[in-house]
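First the structure, in the form of structure tokens, and then the observations on it.
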Amino acid sequence: MAKVTFRPLGRAVEVGHGATLLKAAQSAGVELPWVCGGNRICTTCRCLIENDAESLSPPDQQELEILETVQLAPPWRLGCQARVLRDVVVQIPPDLTIPPEQAK
């Protein structure tokens with residue numbers, strides 16, 4: 001198990017080795033948007049990794065190319081692709097969080 005902490009919300013959750021950041025966010029009640037079904041196309045689940053990048057699986061070439069299209073690079077990651085290996089702290093950009101009143 002690894003702890004994923006979502007800032008600035010201050011929420012944290014324990015997840016199993018290999019869970020995606022998107023699944024971790026959902027488990028923690030963090031409304032991280034995603035519209036492509038986790039297929040690394042839309043970039044709406046992008047997150048900034050605050051600690052060691054080795055806490056997550058390395059990005060593959062497709063993820064890097066998708067991030068590049070929106071002018072981002074590691075330590076930015078797609079929540080649907082980054083898999084948790086160890087404790088990690090994730091910054092959710094304020095423009096991406098969904099206000100509770102608009103959540104599903």
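Below are the figures for this structure:
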quantity	calculated
Residues being surrounded by 15 or more Cβ atoms within 10 Å (Cβ to Cβ), over 12 Å from the mean Cα position of the chain (by Cα) and modelled with pLDDT of 95 or more - total across region 68-87	2
Residue 53 vs. criteria modelled with pLDDT under 95, farther than 23 Å from residue 2 by Cα and over 10 Å from the mean Cα position of the chain (by Cα)	no
Count - residues of region 1-50 that are closer than 13 Å to residue 88 by Cβ, in a loop (DSSP other than H, G, I, E, B) and in contact with a Leu (Cβ under 6 Å, 6 or more places away or on another chain)	0
From the options 14, 50, 31, residue that is touching a residue at least 40 places away in the same chain (Cβ under 8 Å), under 19 Å from residue 85 (Cβ atoms) and either loosely packed, with under 14 Cβ neighbours inside 10 Å or of a type outside the set (A, V, I, L, M) (or both)	50
Residues of region 1-25 that turn out to be under 10 Å from the mean Cα position of the chain (by Cα) and of a type in the set (S, T, N, Q), as a count	1
The lone exception for residue 67 - which of (1) touching a Ser or Thr at 6+ places or on another chain (Cβ under 9 Å); (2) farther than 22 Å from residue 3 by Cα; (3) aliphatic (A, V, I, L, M); (4) assigned to a loop (DSSP other than H, G, I, E, B) it fails	(4)
Flag for residue 41 being surrounded by fewer than 18 Cβ atoms within 10 Å (Cβ to Cβ), touching a helix residue (DSSP H, G or I) at 6+ places or on another chain (Cβ under 8 Å) and aliphatic (A, V, I, L, M)	yes
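The values are calculated or read from the model by the stated rules, or taken from the named source; none is laboratory data. This one's a predicted model, so the numbers in the text were calculated from it and none came from an experiment. A quick note on method: Cβ atoms are made from the backbone with ideal geometry, for glycine too, and the neighbour counts reach across all protein chains shown.
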